[in-house]
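See below for the structure under consideration.
The values are calculated or read from the model by the stated rules, or taken from the named source; none is laboratory data. Quick caveat: nothing in here was measured; it's all calculated off a predicted structure. Glycine also receives a Cβ, built like all others from the backbone with ideal geometry; neighbour counts cover every protein chain displayed.
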């Protein structure tokens, strides 16, 4: 279901000079305990980003997942990019989240970084449904203009691919424009905000339960700690300073 989008994402990173980085042993690919699912992950290094991770889970008709998070360099205050797509084939249900995840919710920050996403949001009303989320507070690390959909086959086949392509293009334009902006935040402030994002996300991410059910709790714990949110488990005592 999501392989064309995965290929588009990887190609867009590579066109920007992205180079693959090594992933801790045993975490780049894993077959499920029952042999009914395969997870693969990639880590990219590219100009302007300290970390860009991608994960693809293929569990056939039961579940398809594409997840990606891009963390800009600490010298850039632009939002974190978040992609989370889930397809439940047996019930033909789609859950899609595409967002520029703000470091701050101030009017000044949103005005500086979200004009492009705001325009994109207006083009896809079918992907702009209720912002009610089961695990996250939509007013915490989500923007007012995220693309959020609980839909079906029509959205998955038609609206999502077009929105996905435009979303990536919009984020790259934001990234390019960020170099011309004088940051209102220091590198240390940006670092604290990005790590706070990881702490918040890791504590609420329902993916841990999914990974545990397919690959076992021990592997899921390692995956969360060493790949998905490594900064969250480093020394974070400086956050209290």
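Contact annotation: residue pairs with Cβ atoms under 9 Å, 6 or more positions apart or on different chains, pairing a residue in segment 52-76 that is at positive phi and free of Cβ contacts under 8 Å to residues at least 40 places away in the same chain with a partner that is part of a loop (DSSP other than H, G, I, E, B) and surrounded by fewer than 20 Cβ atoms within 10 Å (Cβ to Cβ), are 60/36; 60/89.
Looking at the structure I just gave you, is residue 147 at pLDDT 95 or above, in contact with a helix residue (DSSP H, G or I) (Cβ under 6 Å, 6 or more places away or on another chain) and either more than 22 Å from residue 10 (Cα to Cα) or surrounded by 17 or more Cβ atoms within 10 Å (Cβ to Cβ) (or both)? No, not satisfied.
To keep it simple, each residue is scored yes or no on (1) assigned to a loop (DSSP other than H, G, I, E, B); (2) over 22 Å from residue 198 (Cβ atoms); (3) modelled with pLDDT of 90 or more; (4) touching a strand residue (DSSP E or B) at 6+ places or on another chain (Cβ under 7 Å).
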site	(1), (2), (3), (4)
110	no, no, yes, no
120	no, yes, yes, no
137	yes, no, no, no
140	yes, no, no, no
143	yes, no, yes, yes
159	no, yes, yes, no
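When 28, 32 are checked against the criterion of being over 22 Å from residue 197 (Cβ atoms), surrounded by fewer than 20 Cβ atoms within 10 Å (Cβ to Cβ), at pLDDT 95 or above and touching a helix residue (DSSP H, G or I) at 6+ places or on another chain (Cβ under 6 Å), a single residue qualifies: 32.
Let's see how each residue does on (1) at pLDDT below 95; (2) assigned to a loop (DSSP other than H, G, I, E, B); (3) closer than 19 Å to residue 3 by Cα:
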position	(1), (2), (3)
41	no, no, yes
61	yes, yes, yes
90	yes, yes, yes
117	no, no, no
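Quick check on segment 161-174. Is at least one of its residues over 20 Å from the mean Cα position of the chain (by Cα), at negative phi and surrounded by 13 or more Cβ atoms within 10 Å (Cβ to Cβ)? No, the conditions are met nowhere in segment 161-174.
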